[in-house]
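Quick one: this structure, given as C-alpha cells, is what I'll be asking you about.
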Amino acid sequence: MAVVSTEVEISNPLPAYQLFNLITHNFHTLAPKAAPQIYKSITIEGDGGVGTIQTHIYGDGVPYTTSKQKIDAVDVTNFCLDFTVFKGDMLSDYLDSITHSVKITPTADGGAVYKHTTTFNCKGEKKPTEEVLNQTNEGYKKVFKAIEDYILANSDA
C-alpha cells in the first residue's frame, strides 16, 4: 500500500486564533460563499469537534463532486486540526483515504502561517501523479486566498 504526502504553507494577515476559528467553526459557511466554483455546499453532522462528519458537494471548478470527512483531532491551544476524507469520488479508484493535518503558527507581525499536509493513502501501489499533488496544493492556495479576500471585504464574516 503506497502512501504519498504533499505540503503547502501560506502566510496570512489574520491572527492565528482568528484563522483557526474560521477553519474549525466557519469554513462550512464561508467556503461556498467565497469559492462557489469549488464548494457548492458543506454540511456538518456534529458539534465541529472530534467525530464530526462533513459532507462536501463540489462545484464545477474541480474534477470531483463529493467527499465525506471526519474530524480526527482538534488542538485549540496549538491551533492544529486533523481530518480524514473517507468517502466520495474525490478518492478516485485508487485511494483508501486522504488524511489532512493543519497547523497554524502565529507570526511576529500578528498574522499567521497556515501549514497543510495532505497524505494520500493508496489501495495498492498506484500513486497520485505529480500533477495531482500540484493541483492539490494550488487548490488549497486558491481557496485560502478566496476566503481571505472574502473576510477582508466583509467585516461581518
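For region 63-73, how many residues meet the condition of being crowded, with 18+ Cβ neighbours inside 10 Å and either touching a residue at least 60 places away in the same chain (Cβ under 8 Å) or within 23 Å of residue 12 (Cβ to Cβ) (or both)?
2
Let me ask another. Check off (1) at positive phi; (2) open to solvent by 30 Å² or more (accessible area, probe 1.4 Å); (3) touching a strand residue (DSSP E or B) at 6+ places or on another chain (Cβ under 9 Å) for residue 92 and give me the number that stays unchecked.
(3)
Oh, and also: Could you say which residue among 102, 62 is aliphatic (A, V, I, L, M), touching a helix residue (DSSP H, G or I) at 6+ places or on another chain (Cβ under 9 Å), closer than 25 Å to residue 3 by Cα and modelled with pLDDT under 95?
Step by step, each of 102, 62 is checked, and only 62 is aliphatic (A, V, I, L, M), touching a helix residue (DSSP H, G or I) at 6+ places or on another chain (Cβ under 9 Å), closer than 25 Å to residue 3 by Cα and modelled with pLDDT under 95.
Related question: Could you please give the count of residues in region 113-157 that are within 16 Å of residue 32 (Cβ to Cβ), touching a residue at least 12 places away in the same chain (Cβ under 8 Å) and over 18 Å from the mean Cα position of the chain (by Cα)?
Number satisfying all stated conditions: 1.
Oh, and also: Among the candidates 127, 68, 87, single out the residue that is modelled with pLDDT under 95, among the basic types (Lys, Arg) and more than 21 Å from residue 142 (Cβ to Cβ).
127
Among the residues of region 128-157, how many are of a type in the set (Ser, Thr, Tyr) and in a helix (DSSP H, G or I)?
3
Yes or no, residue by residue, for (1) more than 23 Å from residue 120 (Cα to Cα); (2) in a strand (DSSP E or B):
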{"position": "23", "(1), (2)": "no, no"}
{"position": "27", "(1), (2)": "no, no"}
{"position": "32", "(1), (2)": "yes, no"}
{"position": "40", "(1), (2)": "yes, yes"}
{"position": "54", "(1), (2)": "no, yes"}
{"position": "57", "(1), (2)": "no, yes"}
{"position": "69", "(1), (2)": "no, yes"}
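Under the condition of being in a strand (DSSP E or B) and open to solvent by less than 10 Å² (accessible area, probe 1.4 Å), which residue from region 104-119 is nearest to residue 76 (Cα to Cα)?
For region 104-119, the residue satisfying everything is 104.
Taking the condition closer than 18 Å to residue 26 by Cα, in contact (Cβ under 8 Å) with a residue 60 or more places away in the chain and open to solvent by 50 Å² or more (accessible area, probe 1.4 Å), does residue 82 pass?
No.
So how many residues does region 16-58 have that are under 19 Å from residue 89 (Cβ atoms), open to solvent by 20 Å² or more (accessible area, probe 1.4 Å) and touching a strand residue (DSSP E or B) at 6+ places or on another chain (Cβ under 6 Å)?
Selection size over region 16-58: 8.
The values are calculated or read from the model by the stated rules, or taken from the named source; none is laboratory data. None of the values given here were measured: they were computed from a predicted structure. All Cβ positions, even for glycine, are placed from backbone atoms using ideal geometry, and neighbour counts span all protein chains on display. Note: accessible area is taken over every heavy atom of the protein model, side chains too, but ligands, DNA and RNA are not part of it. Shrake-Rupley method; radii C 1.70, N 1.55, O 1.52, S 1.80 Å.
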